[in-house]
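Asks: Structure provided below as structure tokens; questions to follow.
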Amino acid sequence: MGLSNQSVPKGHQTPLKSEEAIRSAVKNLVEEVHVVDVHTHLFPPNHGKLMLWGIDELLTYHYLVAEYFITAPATITPEKFFALEKQAQADLVWDSLFIQRSPISEACRGVITTLTELGLGELVERRDLDGVRKWFAKQTPEGYVDKVFELAKIKYVLTTNIPFEKKETVHWYPKTKEFDTNRFHTGLRVDQLLTGNWESIKEALDEMGIEHTIEGVKKLLEKWITIIKPKYFMAAVPPTLEFPSDEEMSTYAPSTINSATLLRRVLLPLAEQHHLPIAFKFDSVRPINPALREGGDGVVTTKVSTLQKLCLNYPKVKFLATFLARVNQHELCVLANKFGNLHIYGCWWYCNNPSIVEEITRIRVELLGTAFTSQHSDARVLDQLIYKWKHSKAVIGGVLQDMYVKLFHAGWSLTREEIQRDVERLFGGAYEEFMEK
Ligand SMILES: [Zn+2]
């Protein structure tokens, strides 16, 4: 008996017939896919000044400020710069990085892509910064969220919510502000636990009248889980964090509450009990030049084995992870290939450059197929969603074209529907499948 049509999966009746047809389908599907942005620093409009948007925020974003200071005259020190009004800071950045020289870096080009996509190409052509400001002055925060989500093709974003920062918690406690939780999913950021920042933890405990103990920290986080209903915990892992041995843990005394204790006695048990994954970010070090403020953080190479130990010793806890150091990317992929409780996501900060995104995406697809999340924006300024996704999609789409063409030449026929299914996974579906595990 020969192969009947019934053995061909549904929807497979019209495979793409040529390399060109495959390239064109992949390009189009990646451009059109609506993404889940699994990590951002964005806030909804009713969180007031915490929501950053508009041309002056774009121009004074810390990537650009750091780049500006490479070019700034010695008379403009960081102190002087940060003492200026935001618009005056933006003027300096614009003049130095966009007028005195071409905005050729990734961060500068991002501003241009964003303005062009917003339909401000003519103002950009005339280098008319005031015209751009006038356009932004006519937007409302709510209307602008609609516009950006539509242009950037965003399904929803994950936000970063810090229970130890008063300027954030006032929007949640004692009274929670309502906002569009279909668009803004929350994440509970707990860096203070891993840095052992007991001073700021104590303030948060006092705010809610909770005792200063390990059990108290657990109670505090459980309250915040109830209040913000996070999808995951998130923390940047300090480069000094070593996975504590059981012996070290057994010598724990309440007077020595430290990051190891808070990780093992608070964060990991809570993650397991509440079925909340922990999203870790590795390899950043802060700050290597404090004068630059947010722009002063650097990259270090930490041990991927810290994550391996977590995945191995806590099989009931799910981990999301992204690494900042380029050299760790290969080892990370091998790790993700071994642990079902690990999901890797995005190309972050100093890795969010086309050359590196391309390299990382190739390694990931070759080792993991579609079982990872290809990108996240890490956007702090709403408008950045536009360029970060446009630029990333161009690179990731190019890599995928090559992969599908190789597969086609290996003898595997492909339909548009099959490629669409895979693309949706890489831009959010794989994350959702992991979260539902
Ligand atoms: Zn971030």
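The values are calculated or read from the model by the stated rules, or taken from the named source; none is laboratory data. Worth saying up front: this structure is predicted, and the values here are computed from it rather than measured. So basically every Cβ, Gly included, is an ideal-geometry build from the backbone, and we count neighbours across all protein chains shown. Note: accessible area is taken over every heavy atom of the protein model, side chains too, but ligands, DNA and RNA are not part of it. Shrake-Rupley method; radii C 1.70, N 1.55, O 1.52, S 1.80 Å.
Asks: Considering segment 284-308 alone, what residues qualify as being in a loop (DSSP other than H, G, I, E, B) and touching a His at 6+ places or on another chain (Cβ under 9 Å)?
Replies: Hit for segment 284-308 is D297, nothing else.
Asks: While we're on this one: Every residue in segment 192-230 that is open to solvent by 80 Å² or more (accessible area, probe 1.4 Å) and either in contact with a Pro (Cβ under 7 Å, 6 or more places away or on another chain) or closer than 20 Å to T159 by Cα (or both), please.
Replies: Across segment 192-230, the qualifying residues are T195, K223, T226, K229.
Condition check ((1) more than 30 Å from Y144 (Cβ to Cβ); (2) out of contact with any helix residue (DSSP H, G or I) (no Cβ under 7 Å at 6 or more places or on another chain); (3) free of Cβ contacts under 8 Å to residues at least 24 places away in the same chain; (4) buried (at least 17 other Cβ atoms within 10 Å of the Cβ)) across all residues:
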{"position": "H343", "(1), (2), (3), (4)": "yes, no, no, yes"}
{"position": "A379", "(1), (2), (3), (4)": "no, no, no, yes"}
{"position": "V395", "(1), (2), (3), (4)": "no, no, no, yes"}
{"position": "L414", "(1), (2), (3), (4)": "yes, no, no, yes"}
{"position": "K437", "(1), (2), (3), (4)": "yes, yes, no, no"}
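Asks: To continue, here is another question. Would you say P163 is within 16 Å of the ligand (Cβ to nearest atom), under 17 Å from H41 (Cβ atoms) and in contact (Cβ under 8 Å) with a residue 60 or more places away in the chain?
Replies: no
Asks: If you check F280, F243, F323, F233, which single one turns out to be away from the ligand (no atom under 16 Å from the Cβ) and not charged (D, E, K, R)?
Replies: Unique residue meeting the criteria: F243.
Asks: Output the residue which, of all residues in segment 40-56 that are within 16 Å of the ligand (Cβ to nearest atom) and not in a loop (DSSP other than H, G, I, E, B), is nearest to A107 (Cα to Cα).
Replies: Once the filter is applied, the top-ranked residue is L52.
Asks: Which one is farthest from the ligand (Cβ to nearest atom), of the residues in segment 348-371 that are open to solvent by 10 Å² or more (accessible area, probe 1.4 Å) and closer than 23 Å to M51 by Cα?
Replies: By that ranking, first place goes to N352.
Asks: One residue is enough: does segment 335-347 have a residue meeting the conditions modelled with pLDDT under 95, within 30 Å of D56 (Cβ to Cβ), within 16 Å of the ligand (Cβ to nearest atom) and among the hydrophobic types (A, V, I, L, M, F, W, C)?
Replies: No, there is no match, as no residue in segment 335-347 is modelled with pLDDT under 95, within 30 Å of D56 (Cβ to Cβ), within 16 Å of the ligand (Cβ to nearest atom) and among the hydrophobic types (A, V, I, L, M, F, W, C).
Asks: Working carefully through the options D297, D283, D206, find the one that is touching a strand residue (DSSP E or B) at 6+ places or on another chain (Cβ under 9 Å), under 20 Å from I162 (Cβ atoms) and of a type in the set (D, E).
Replies: Result: D297 is the single residue among D297, D283, D206 that is touching a strand residue (DSSP E or B) at 6+ places or on another chain (Cβ under 9 Å), under 20 Å from I162 (Cβ atoms) and of a type in the set (D, E).
Asks: Only residues that are under 23 Å from A279 (Cβ atoms) and away from the ligand (no atom under 14 Å from the Cβ): list them for segment 377-386, please.
Replies: Result: L382, single match.
Asks: Show the residue pairs that are 6+ apart or on different chains and have beta-carbon atoms under 7 Å apart, the first residue being within segment 33-61 and within 20 Å of T116 (Cβ to Cβ) and modelled with pLDDT of 95 or more, the second being open to solvent by 10 Å² or more (accessible area, probe 1.4 Å) and within 16 Å of the ligand (Cβ to nearest atom).
Replies: Note: pairs meeting the criteria are Y61/R380.
Asks: Using the structure shown, decide if L270 is more than 16 Å from the ligand (Cβ to nearest atom), under 20 Å from M435 (Cα atoms), in contact (Cβ under 8 Å) with a residue 24 or more places away in the chain and open to solvent by less than 10 Å² (accessible area, probe 1.4 Å).
Replies: Against the criterion (more than 16 Å from the ligand (Cβ to nearest atom), under 20 Å from M435 (Cα atoms), in contact (Cβ under 8 Å) with a residue 24 or more places away in the chain and open to solvent by less than 10 Å² (accessible area, probe 1.4 Å)), L270 qualifies.
Asks: Every residue in segment 75-103 that is under 29 Å from the mean Cα position of the chain (by Cα) and part of a loop (DSSP other than H, G, I, E, B), please.
Replies: Within segment 75-103, E85, S102, P103 meet the criteria.
Asks: From the list S392, S374, pick out the single residue that is modelled with pLDDT of 95 or more and within 16 Å of the ligand (Cβ to nearest atom).
Replies: S392
Here's the yes/no breakdown for (1) polar (S, T, N, Q); (2) surrounded by fewer than 20 Cβ atoms within 10 Å (Cβ to Cβ):
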site	(1), (2)
E20	no, yes
R23	no, yes
L50	no, yes
E57	no, yes
V65	no, no
T75	yes, yes
E79	no, yes
V93	no, no
G121	no, yes
